[in-house]
Each structure stands twice: as structure tokens, then as C-alpha cells.
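Take a look at the structure below.
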Amino acid sequence: GFADLSQQLIEQLARLEYGTASIIDGQSTLSGAPATLEIAQGIVEELEPSGTIVTLEPPRIEDYWMSATRQPGGVVVFDGYVPDEATREAFSLREGADTSFLKLGRGAPERYQSGAEFGLDALELMSEGRIDLRGNVVTIVGTARSGADYDALIAMLGQQAPQGLVLASAEILAPRANSYKWSATKDAAGGIALAGFVPNATDAARLLAAAGQSVTEAVTYASGEPDDFMDSGETALSLLQWLREGSIVYDGVGWTVTGTANSAIDKGAIEADFATRQLASSGWSMAVAEPPPVLPEIAP
């Protein structure tokens, strides 16, 4: 069967991008690189009945990508392509790694290793999240494990991706608060103190700007805020203008305004402002007192 087998080997060799076919001492072999997985499967099916030893490289992948998703339980599910078995093995050694969906493929971009390491290092600091590497483009999204990890992620991503890679987007949330609380307090001297949780540094700066110059803050970054948190926070700070002293508190359920008005006129003004904004229908409550009357001095 030499003539038929050699002809069969040459036909299958022609289907490869490059390769070698041989018959030595009756043992036929074929090795090389198929362009696609379908071609590889077809070659194996064609030569398997003859006992030919077939050794093929992974197929070439035009759209080369890799992703890793950290699930809430800590498992990290990998998907996409790796250039070789050694890379898949290295990924599998990471804590919680599930690499069963990874496939071998040729055509990995030049910065594949540095892009994967950059994304996976970020994923290590998340309680849940996902990183994607497609070509030389990296995207990262997730929730930090702790406040320190959030700061580390922001610093890491602020330095951008390694040379040759593009960080297309990075959406990082601070750790989720079990009960989201926030307050703004005004003292008799006019100073305003902000405390509690805010989503991120940008929103903290926005609230500080709305509070004015005489403001101090002791806030912590956390996710889990209500949908209208920032608008409500700015509304709260605008209401403080009517108060001599008091506070506006979000307790995780609703907003409460308490304190003493600057004057009887300002008490009426804050009540009108409260009604105009229809805050009561949004779950707000208010208890503001008039300032005590100023007694005239009695001449001795």
C-alpha cells in the first residue's frame, strides 16, 4: 500500500500551512500547522485508519482573545486562546483557576503575555470582576476586595497598561458596603463636615465642591449606593444654606433633615424648597425648628 499511502500523505500535507510527511520502515507520520481547527480534524480523520502518527500544531486564530472572570465564590474562569500548553499550565496555577475552556491556538499577539499578566494582576485585587485581552487591547471591570485594594487598583490603572498595550476601559468599583450611610453636618460656626460612604474620588470631590469652602471630610469609598445618591447628596448640601446648624443624614433607607433654621424666614424657605423638590414623596423627612427669639436688652 505504499503508493496509496504516500499519495494520501502528500494530499494531506498540501492542506497544511507548513509541515512534513514521511514513511520510514513502514511507519507513516505527518506533522505541521493547519490553518483552522476544521482542517486539523479533517486530516486526523483521513489518516487515522492508516495508522499514521499525526502531530499538528494548534490552528491559527485570526481573532485572538483571552478572558478571565472572577466569580463571587472566588473561582476564576478562563476562556479564549493560549499559544501553548505551558501558558495554560501557568494560568491553571493561579488560585481558583478553571482553565478547562482555554483552547490552544497560533497567532497570539506580540504582547499577549504582558497583557494577560497585567489584567490578571488587577483581577487578584477584586472580589469579582473580568478582564479581556483582544489583540493588544485590554478591558478591566470589577469590584475591589477592600479599600486598600481599591486604592492599589486605581494607582495601578492610573499608570496605564504596559508598553504596546491599550487599556481601552477600566471600570473599578470600591468594595460594597453592607449598609450605605452618609451625612452632612453644619455647626454653629458655619463649618460643614461630610462623613460616611461615597462611590469614588470623583464623586467625593463633587460633593466637597457643592459644600463650599468651610468643609471637612471623613469619607470612605464604597459601592452599593442608591441610584440617585449623588443628586440627593447635592440636594442635601443645598438645603444646609437655610440652617444655622443641623444635619442631613442618609441611613441606608431614607434621607432626614434636622436642625435649627437661620431665621423664621429661612424656616419658611427650607419648607418651601423641600415641598418644591417633592422630597417627601421620595422618602425624605424633615424636622427643622425656628431659632429662639432674640430678647431685647433691658437697660439697667
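The values are calculated or read from the model by the stated rules, or taken from the named source; none is laboratory data. All figures in this text were calculated on a predicted structure; none of them were measured in a lab. FYI the Cβ positions are ideal-geometry reconstructions off the backbone, even for glycines, and counts take in every protein chain you see. Side chains are part of the model used for accessible areas, which takes the heavy atoms of the whole protein and leaves out ligands, DNA and RNA. Shrake-Rupley method; radii C 1.70, N 1.55, O 1.52, S 1.80 Å.
What's the Cα-based Rg to Rh of the range 50-204, Rh via Kirkwood?
Expressed as Rg/Rh, it is 1.17.
At a Förster distance of 25 Å, what's the computed FRET efficiency of Lys181 paired with Glu271, Cβ-Cβ distance as r, to 0.05?
0.45
Across all directions of projection, what mean area in square nanometres is found for the Cα convex hull of the range 167-218?
Answer in nm², one decimal: 4.7.
At 1.4 Å probe size, with every protein chain present, just tell me what the per residue accessible area of the range 16-91 comes to in Å².
Each residue of the range 16-91 exposes 52 Å² on average to a 1.4 Å probe.
Per 10 Å bin, what is the whole-percent P(r) computed from every C-alpha pair distance within the range 21-105?
Reading upward from the zero bin: 16, 35, 26, 17, 6, 1.
Normalised by the residues of the chain, what does the relative contact order come to in percent, with Cα pairs under 8 Å and at least six apart?
9
For the range 187-273, what is the Kirkwood hydrodynamic radius in Å, using each pair of distinct C-alpha atoms?
About 13.5 Å, per the Kirkwood formula over Cα pairs.
How many angstrom lie between the C-alpha centres of the range 181-236 and the range 1-69?
65
In Å², and per residue, what accessible area does the range 142-300 have when probed at 1.4 Å with the other protein chains present?
Ligands and nucleic acids excluded, the result is 55 Å² per residue.
Once you have all Cα-Cα distances for the range 53-95, histogram them in 5 Å bins from zero and send the whole-percent values.
All Cα pairs, binned at 5 Å, distribute as 5, 18, 24, 21, 15, 10, 5, 2, 1 percent.
Which value, in Å to one decimal place, does the Kirkwood hydrodynamic radius take for the range 61-120 when every pair of different Cα atoms is included?
11.6
How much of the accessible area of the chain, probe 1.4 Å, is carbon plus sulfur, in whole percent?
Answer for the chain is 53 percent, counting heavy atoms of protein chains only.
Over the chain, with a single point scatterer placed on each C-alpha, what log10 of the ratio I(q)/I(0) does the Debye formula yield at q = 0.11, 0.15 1/Å?
-0.81, -1.08
Students often forget the sequence filter, so: which aspartates and glutamates lie under 18 Å Cα-Cα from Lys267 once same-chain residues fewer than 8 apart are removed?
Hits, sequence-local ones excluded: Asp187, Glu245, Glu290.
Considering every pair of different Cα atoms, what Kirkwood radius, in Å, is found for the range 113-198?
When all Cα pairs of the range 113-198 are included, the Kirkwood radius is 14.6 Å.
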